[in-house]
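Read through the structure below, which is laid out as structure tokens, and then see the notes.
Read the figures in this text as sums done on the coordinates, not as results from a lab. Please read these numbers as outputs of a predicted model, since none were measured by experiment. A quick note on method: Cβ atoms are made from the backbone with ideal geometry, for glycine too, and the neighbour counts reach across all protein chains shown.
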Amino acid sequence: MFAGCVIPPSLSVDTTDAGANAAPAIVSLRADNVELPELSTVTFEQGMGTIIATFHDTDLDDTLYGKVFVDYSSNDPTPARASCVSAGTTVERTCTLPLTGLCQNDDIGATRVMQVMVFDREVLETGVQPLFQAMPPGGLSTSRVYFLKCQGRGQ
């Protein structure tokens, strides 16, 4: 005969996220109701336009941060030229990236590399590498790359 103490399992609902941290995804990027296929050449008029971004993240508590970088490199990093924030409780979320600062005077007539990124943590502003793209531990990001052509106003 066995003697012992039986401890019943807890019946409370666990509120911690035991799942793996998932990277956010870019579902679509649209400008003027036109889908922007990755690695395509996109043309924007200086000071005009928006990109409507649709992101996917299964981590429902994450706030998503969309950013647009132009000719970003680790040797000479530059801050994002457009950004948006999307909080929510759904897997798919939208965010509007205003492009008023996307095309600078030096960009007119040149072809640049444009990178649209989504981060699942707020980007750290100072003292960490890579500049303008570093996140706290556990942060994940995804990006899409395009070739940017900028036009002057009214061209």
GluC sites (Glu not before Pro), restricted to region 85-155: which are DSSP loop and have at most 10 other Cβ atoms within 10 Å? E125
Share of Cα-Cα pairs in the chain beyond 22 Å, in percent? 48 percent
Counting other beta carbons within 10 Å of each Cβ, put L29, L102 in order, fewest first. L29, L102
Contact order relative to length for region 25-151, counting C-alpha pairs under 8 Å separated by 6 or more residues, stands in percent at 32 percent
Packing-based exposure ordering (other Cβ within 10 Å, fewest first) of K67, K149: K149, K67
Cα centroid separation, region 69-104 to region 19-53 (Å): 10 Å
